[in-house]
Amino acid sequence: MGFRGVFAASFGLVILLAMLTLGFAYSELELEAQADFWVDHSHQVIEQNQLVVTLIERAESAERSYQLSGDYRYVPIVEAAVQTLPTAEADLARLVRDNPDELARASALNRVITWRATRVERTIALYRNGDASAAKAVSLDATGRPPGLGARALSDGIDAFEHVLLEDRVRLSANAGKVSVAIGLTLAVVSLLALLGFVLYLSRSNQKLVHAVAEAARATADRDRAEERLRAAQRLEVVGQLTGGVAHDFNNLLQVVRGNLELLAPALGDDAQSRRRLENAIHASDRAAELTRQLLAFARRQPLQAQPIDLARMIGDMTEILRRTLGGTAEVETEIAPHLWPALADPSQMESAILNLAINARDAMPDGGRLTIAAANQPHDGDHPAADGPPAGDYVKVTVTDTGKGMTAQVRERAFEPFFSTKGEGKGSGLGLSMVYGFVRQSGGFMRLESEPGKGTAVTLLLPRASRDAEEPPPAAPVPAAVTGATILVVEDDDAVRLTAVTLLTALGYECLEAADAAAAVEVVRGGAAVDLIFSDVVMPGTLRAQEMAEAIAALRPDLPILFASGYPREELGAGGQLAPEVNLILKPYARDDLATRVAQLLSARTS
């Protein structure tokens, strides 16, 4: 026999052995699978048998507890167990239907269990109907009980038989397993060779996989940071809406206070001490009005008077005030860059922001320190944009730095929240940083806080660069005289505010009529009253809104001017449909001179 014949015979033998091995392996595997199936079957029968007995015992135990305590919480336990029993008994009968002896035991157990479950249900029903004596009689009555062994004895018989079967089936499964192990070893060698090839393939892709995981981790971290910034912004927005509403209501109260203080001035005569006290009270009301404007600015409901600001001059003018604010224990330094650009913002709000930051710095340096206010030009090309960072453009950067005790990470996260303060009781409102934040964001700028415990705090404000230089403020215009013989209809639902307005206008030399709402004002005009101007609140109760009142009066008297007053800014009133954008509006709390000027201007324009 030549080489080819030997090779062919050897190859055929290998193929035959392989086929025999595979056939034998398949037979052994099938035998092992059958043995394992019957082992599992025995375990299922034992578990299901125990479940049936456990359910009826649980129901009877809960039923007895209900009899003893009257606690209704035991009733759902009984009902759940009784409702589950039919399914559990059916599953047990299905599992033993291949064995007549076991099926007979399961049927006998089913009859006993059904009788006990029915008795439990009747007992619970009688107790729930208030018939305790009948319930106890049923629980003790054995009428109708199936003859023969009890439930536990029948269950133990099923368990004993299944354990005998289980031992035989485990031995069969173990013998089949030995053959399967040999076959498994052979397959393991082949699998190992395949695994080695797969490992080689994975090793080539490992570097790419590591890189992809790192990129995914960075993306997740960026998303988490963005979500945290969004949640913080949403918290600030909600609190901002609340503070904006409070500020509006406070403006009405301030109008009454300030108006009456100004009305007191002529009655004081030459009493210098009383006049000084009155001026202090008016100054305090102006500070309160400024606080409400800051609250509205934080809520982004206060229109800012943005204009070019010379920050170098502003910071220089404020230096002495800041030194007095900090007291003698802290130094004040300024670092103003040459050729500083003008910033675009509201000057009064900007001064308040610097003052608030200085007060925070003072409180952070109880034993003294150094406050530094720096200003510099800050061009930003936007090459590294951030979700909460500024877009490309030119900015003026103002940084207020102190050498105080600094903040922990937990305090930094909440620093911009309104009413959050780490100061002691009565030492701070918690509004300083939040109002600065609201002002900067409403101005189109950005704010950054850097602080560590023991290393001080630095607050940076980025304000947009103005397109033109700052101008000197114009001198105040003189208050015009009242228009002789003019009559003004005052429309205001708040009695105290209406009385204050009427008294102010009367003191200025005007005749006044009054109306408590918009509908009443329209009726006054429709009745032909000699009215030269209407001075009206905006948000009032009633079915007729302020803008609808204006339209109705315009239809009756097109030449009759209307001056509205409100604690809400013009932009919000227009957005809410309360007023048309072009109406005349004065903001509460208004000063007597401001009211006199606006009224005289409108009356003069009407007669000219």
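The values are calculated or read from the model by the stated rules, or taken from the named source; none is laboratory data. Everything numeric in this text was worked out from a predicted model, so none of it was measured. All Cβ positions, glycine included, derive from the backbone under ideal geometry; neighbour counts span all protein chains shown.
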SER69 out of contact with any Pro (no Cβ under 6 Å at 6 or more places or on another chain), surrounded by 15 or more Cβ atoms within 10 Å (Cβ to Cβ) and either within 14 Å of VAL120 (Cα to Cα) or not hydrophobic (A, V, I, L, M, F, W, C) (or both) = no
ask   = Restricting the search to the range 88-139, which residues are under 23 Å from ALA62 (Cβ atoms) and assigned to a loop (DSSP other than H, G, I, E, B)?
value = ASN129, GLY130, ASP131
ask   = Which one of VAL96, VAL120, VAL52 is over 15 Å from ILE158 (Cβ atoms) and surrounded by 16 or more Cβ atoms within 10 Å (Cβ to Cβ)?
value = VAL120
query = Taking into account only those residues within the range 512-526 that are among the charged types (D, E, K, R) and surrounded by 15 or more Cβ atoms within 10 Å (Cβ to Cβ), which is farthest from SER566 (Cα to Cα)?
reply = GLU514
note = Subset of the range 340-376, residues within 20 Å of GLY445 (Cβ to Cβ) and assigned to a loop (DSSP other than H, G, I, E, B), comes to LEU340, TRP341, PRO342, ASP346
key: Selection from the range 259-281 of residues that are of a type in the set (Lys, Arg) and at pLDDT 80 or above   = ARG276, ARG277
ask   = How do the pairs read when you match residues in the range 549-564 that are farther than 21 Å from ALA501 by Cβ and assigned by TED's automatic domain parsing to the domain that holds VAL583 with residues anywhere that are assigned to a helix (DSSP H, G or I) and acidic (Asp, Glu), using Cβ under 9 Å and keeping only pairs 6 or more apart or on different chains?
value = none
request  = Go through (1) within 55 Å of the chain's Cα centre (by Cα); (2) of a type in the set (Val, Ile, Thr); (3) modelled with pLDDT under 80 one by one and return the number of the condition VAL112 breaks.
outcome  = (1)
request  = Provide a single number: the residues in the range 327-339 that are of a type outside the set (Val, Ile, Thr) and assigned to a helix (DSSP H, G or I).
outcome  = 2
remark   = Within the range 587-608, residues being within 17 Å of VAL538 (Cα to Cα), hydrophobic (A, V, I, L, M, F, W, C) and at pLDDT below 90 number 1
request  = State all residues of the range 333-364 that are crowded, with 20+ Cβ neighbours inside 10 Å, among the hydrophobic types (A, V, I, L, M, F, W, C) and over 15 Å from ILE321 (Cα atoms); if no residue qualifies, say none.
outcome  = TRP341, ALA343, LEU344, ALA345, ALA364
inquiry  = Regarding the range 74-85, can at least one residue be identified that is without any contact (Cβ under 8 Å) to a residue 40 or more places away in the chain, buried (at least 16 other Cβ atoms within 10 Å of the Cβ) and aromatic (Phe, Trp, Tyr)?
reply    = yes
task = Kindly check whether there is at least one residue in the range 24-35 that is closer than 27 Å to GLU162 by Cβ, assigned to a helix (DSSP H, G or I) and modelled with pLDDT of 80 or more.
result = no
Residue list for the range 391-405, restricted to those being in a loop (DSSP other than H, G, I, E, B) and buried (at least 18 other Cβ atoms within 10 Å of the Cβ) = THR403, GLY404, LYS405
ask   = Does any residue of the range 505-520 turn out to be closer than 30 Å to GLN442 by Cβ and either touching a helix residue (DSSP H, G or I) at 6+ places or on another chain (Cβ under 9 Å) or among the aliphatic types (A, V, I, L, M) (or both)?
value = no
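Residue by residue, here is whether (1) touching a strand residue (DSSP E or B) at 6+ places or on another chain (Cβ under 9 Å); (2) surrounded by fewer than 16 Cβ atoms within 10 Å (Cβ to Cβ); (3) among the small types (Gly, Ala, Ser) holds:
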| site | (1), (2), (3) |
| --- | --- |
| ASP495 | no, yes, no |
| ARG498 | yes, no, no |
| ALA501 | yes, no, yes |
| GLY528 | no, yes, yes |
| GLU551 | no, yes, no |
| PRO581 | no, yes, no |
| ARG592 | no, no, no |
For LEU505: the one exception among (1) outside any loop (DSSP other than H, G, I, E, B); (2) touching a Pro at 6+ places or on another chain (Cβ under 8 Å) = (2)
request  = Would you mind telling me which numbered condition in (1) β-branched (Val, Ile, Thr); (2) within 23 Å of GLN48 (Cα to Cα); (3) modelled with pLDDT under 80 VAL199 fails?
outcome  = (2)
task = Would you point out which residue out of PRO342, PRO366 is modelled with pLDDT of 90 or more and outside the structural domain of GLU571 (by TED's automatic domain parsing)?
result = PRO342
query = Is it true that some residue in the range 373-388 is in contact with a helix residue (DSSP H, G or I) (Cβ under 6 Å, 6 or more places away or on another chain) and modelled with pLDDT of 90 or more?
reply = yes
message = Between a residue in the range 430-449 that is without any contact (Cβ under 8 Å) to a residue 40 or more places away in the chain and any residue that is among the acidic types (Asp, Glu), which pairs come within a Cβ distance under 9 Å, given they are 6 or more apart or on different chains?
response = GLY430/GLU417
ask   = Does the range 56-70 contain at least one residue that is among the β-branched types (Val, Ile, Thr), assigned to a helix (DSSP H, G or I) and assigned by TED's automatic domain parsing to the domain that holds ALA160?
value = yes
request  = Provide a single number: the residues in the range 558-578 that are surrounded by 14 or more Cβ atoms within 10 Å (Cβ to Cβ) and either within 29 Å of ILE282 (Cβ to Cβ) or at pLDDT 90 or above (or both).
outcome  = 13
